[in-house]
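Working notes for the structure below.
The values are calculated or read from the model by the stated rules, or taken from the named source; none is laboratory data. Note that the structure is predicted; figures quoted are calculated from it, not measured. All Cβ positions, even for glycine, are placed from backbone atoms using ideal geometry, and neighbour counts span all protein chains on display.
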Amino acid sequence: WSLLSSSARIFKIIVIGDSNVGKTCLTYRFCGGAFLKNPEATIGVDFRERTLQLDGESIKLQIWDTAGQERFRKSMVEHYYRSVHAVIFVYDMTSLSSFESLPEWIDECTRHSVGPMVPRILVGNKCDLRDSREVPTSVAQRLADSYNFPLFETSAKDPAEKEHVDAIFLTLAYRLKSHKPLRLKQPSESSVRYLWNQREREEAACQC
Ligand SMILES: Nc1nc2c(ncn2[C@@H]2O[C@H](COP(=O)(O)OP(=O)(O)OP(=O)(O)O)[C@@H](O)[C@H]2O)c(=O)[nH]1
Ligand SMILES: [Mg+2]
């Protein structure tokens with residue numbers, strides 16, 4: 001860890017939504033640059049991070065890629081929401097049911113005392129699958145408006161969307177930068193390692 005990044009402000013961002021919507025692929029795209037071809041279902045949480053230079057300031061985004069499957073998340077839910085700085089709700093635009101689950105996810109977040117000042121955004125993933133779309137933009141926009149969340153539609157898979165994925169996280173980072181002067185302690189490495197699953201551990205050697 002460079003001297004630069006150790007002095008960076010750290011923001012915890014959680015990524016929430018049904019299983020299979022592409023949370024792992026989206027966060028991997030943002031932190032690793034590539035499309036993860038054969039992701040396994042996330043167990044507990046996978047941590048990813050990326051440090052950005054915004055107006056000369058170092059900002060570290062610590063991204064919690066959470067599990068969508070109930071059995072893989074239930075023991076972790078309290079940890080997800082603790083001291084969170086921003087929440088990204090993801091649905092799959094080719095799956096109406098993943099969109100219909102959003103109010104439950106949003107409700108869970110509120111039940112865990114995430115304050116109204118914590119930014120939340122809505123991301124519809126898999127826009128590359130144009131012919132299979134089940135959630136029209138207008139319907140998603142209406143839901144987003146009802147919660148006053150910004151809506152983004154993108155694809156973790158389509159290389160042409162790579163910069164858009166970056167832009168979504170950057171937008172959030174700018175918002176956090178201007179709102180939150182808080183300096184968090186670095187999580188201890190042991191707690192991070194404890195939660196990583198086997199595959200991530202193997203990949204960690206060559207990851208960001
Ligand atoms: N076509 C397409 N497929 C995608 C995209 N993003 C993810 N996928 C596929 O969707 C499936 C699920 O992706 P994941 O990223 O593992 O989904 P997840 O939300 O992390 O699922 P859990 O970890 O179980 O909660 C995988 O087969 C991915 O290849 C995308 O933008 N377009
Ligand atoms: Mg996952």
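Tell me yes or no: at least one residue of the stretch 4-14 is within 12 Å of the chain's Cα centre (by Cα), within 16 Å of ligand 2 (Cβ to nearest atom), modelled with pLDDT of 95 or more and of a type in the set (D, E, K, R).
So far as the stretch 4-14 goes, no, none of its residues is within 12 Å of the chain's Cα centre (by Cα), within 16 Å of ligand 2 (Cβ to nearest atom), modelled with pLDDT of 95 or more and of a type in the set (D, E, K, R).
Hey, could you check the stretch 108-128 for residues that are under 16 Å from M76 (Cα atoms) and not polar (S, T, N, Q) and say which is nearest to ligand 1 (Cβ to nearest atom)?
For the stretch 108-128, the residue satisfying everything is E108.
If I filter the stretch 4-28 down to residues being in contact (Cβ under 8 Å) with a residue 60 or more places away in the chain and more than 25 Å from V77 (Cβ to Cβ), which single residue comes out as nearest to ligand 1 (Cβ to nearest atom)?
R9
Out of the residues in the stretch 61-80 meeting the condition of being within 24 Å of R29 (Cβ to Cβ) and hydroxyl-bearing (S, T, Y), tell me which one is nearest to ligand 1 (Cβ to nearest atom).
So the residue we want is T66.
Among the residues of the stretch 30-68, how many are more than 10 Å from ligand 2 (Cβ to nearest atom), under 11 Å from the mean Cα position of the chain (by Cα) and under 24 Å from F99 (Cβ atoms)?
3
Please find, within the stretch 38-60, the residue that is farthest from ligand 1 (Cβ to nearest atom) out of those that are basic (K, R) and out of contact with any Gly (no Cβ under 8 Å at 6 or more places or on another chain).
Once the filter is applied, the top-ranked residue is K60.
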